[in-house]
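Heads up, the thing below is written out as structure tokens.
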Amino acid sequence: MIKSENLKSVLTNYGVEVYEKQLAQFDVFEKYLREYNSHTNLVSAKDAELIWEKHFVDSVSFCRYLKNNKSYKILDIGSGGGFPVVAEAILLTSSTVFALDSTAKKTNFIKNAAEHIGLKNLSVINDRAEDVSHRKSYRESFDVVTARAVGNLAQISELALPFLKLGGCFISYKSAKVTDEIFEAQNTIEIMGGSIEDVFEYNLGLEEDFIRNLVLIRKEKNTPDAYPRSFSSIKNNPL
Ligand code: SAM
């Protein structure tokens, strides 16, 4: 239980009281992911060795901004092997959480994992973000959007901000080298109706890749209907 004690102390530093049941859910998820990863490639073999130290400790940094005594409608874009979306569902028990990924094997895994862990507040959407956000039922309907390791800040801001209600926030998980990305994303963020409210740097305490950043973007104006554009335009024609 040493790894779970470490996660508990990280959460305590964010002011979060975590229950044994929730730590047990992280434990069940780790074992399930490792077993699933042996037949379906979700995370690299090296990363599979660092699920607690790297992926869980990084995932829970949303606790800097989101509190368990509140109820949010959350969308995680590009959830992959479940980071940070499974941690959101475990810790934010009053919230409704959606995992969006364009790859069916990833959303199938998350759906199966949620059932296995007993997370009733986690659902999946298997589709592309740039298509889903043009649908009326999803557009400007979320309190919070998160994304970890999905494109650069300009690209992911164009995908994420159209999903947010006015006053909602986008939490973008970034590596150490965030300054250039922020500079290059300024125009996109403004066009999408957002503005950067905070940048939070933290340390995972690992030997490499240890400095991480969260960029918090607030939705202040409605996003024009033309956005997001097709993924090839987002990629090839930065705003
Ligand atoms: N968030 C996870 C993490 O931190 O480990 C996975 C990151 S993985 C590098 C990126 C994921 O984003 C992939 O699973 C991919 O299928 C998904 N993805 C990329 N572009 C997408 C899009 N436009 N819409 C939905 N999912 C997308």
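Miscellaneous remarks
- Packing-based order for 97-106, 7-16, using average beta carbon neighbours within 10 Å, highest first: 97-106, 7-16
- Largest mean-square fluctuation among Val144, Val86, Val132, in a Gaussian network model of the chain whose springs join Cα atoms under 10 Å apart, belongs to Val132.
- GNM top mover of Ala89, Ala129, Ala149 - the chain, alpha-carbon springs below 10 Å: Ala149
- Lysine pairs in region 69-236 whose alpha-carbon atoms fall under 14 angstrom of each other, counting only those eight or more residues apart or on distinct chains, come to 6.
- Of all complete DSSP H helices in the chain, not one has a Cα span along the helix axis of 18 Å or greater and a mean Kyte-Doolittle hydropathy of 0.5 or more.
- Selected from Phe170, Phe200, Phe56 as most flexible by GNM, with the chain as the system and alpha-carbon contacts under 10 Å: Phe200
- Spatial extent of region 155-239: Rg and Dmax, with the Cα atoms as the point set, Å: 13.6, 44
- Subtracting the Cα-Cα distance of Ser230 and Ile211 from their residue separation scaled by 0.36 nm leaves 3.6 nm.
- In the chain, the DSSP-assigned H stretches of four residues or longer account for a calculated mean residue ellipticity at 222 nm of -10500 deg cm²/dmol, using -39500 (n - 2.57) per stretch and the full residue count as denominator.
- 3J(HN,Hα) couplings calculated from phi for region 91-101 with the Karplus curve 6.51 cos²θ - 1.76 cosθ + 1.60 (θ = phi - 60°) are, in sequence order, 8, 9, 5, 8, 9, 9, 10, 10, 9, 10, 8 Hz; Gly and Pro show x.
- Put a dot 7 Å past the Cα of Leu166, heading toward its Cβ, do the same for Ile2, and the two dots end up 5.3 nm apart.
- Rel. contact order, % - alpha carbon contacts under 8 angstrom, at least six apart, the chain: 15 percent
- Candidate aspartates and glutamates for bridging to Lys31, where Cα separation is under 13 Å - those fewer than 8 sequence places away on the same chain excluded: Glu49
- Gained length - Asp131 relative to Asn68, 0.36 nm times residue gap less alpha-carbon distance: 19.6 nm
- Put a plus charge on the Cβ of each Lys and Arg, a minus charge on the Cβ of each Asp and Glu, and nothing anywhere else: the dipole of the chain about its Cα centre is then about 680 debye.
- Extension gain (nm, one decimal) between Phe183 and Glu20, 0.36 nm per residue minus Cα-Cα: 54.5 nm
- Computed with a 1.4 Å probe over protein heavy atoms only, the accessible surface of region 68-213 comes to 42 Å² per residue.
- Counting DSSP beta bridges with both ends in the chain, the antiparallel % (nearest 5): 45 percent
- Residues listed by number, region 148-162, amide nitrogen under 20 Å from Lys46 label point at 7 Å toward C-beta: 148-151
The values are calculated or read from the model by the stated rules, or taken from the named source; none is laboratory data. Source: prediction; values computed, not measured. Ideal geometry is used to build each Cβ from the backbone, glycine not excepted, and the neighbour counts take in all protein chains shown. The protein model used for the area step is the full one, side chains on, heavy atoms only, and it has no ligands, DNA or RNA in it. Shrake-Rupley method; radii C 1.70, N 1.55, O 1.52, S 1.80 Å.
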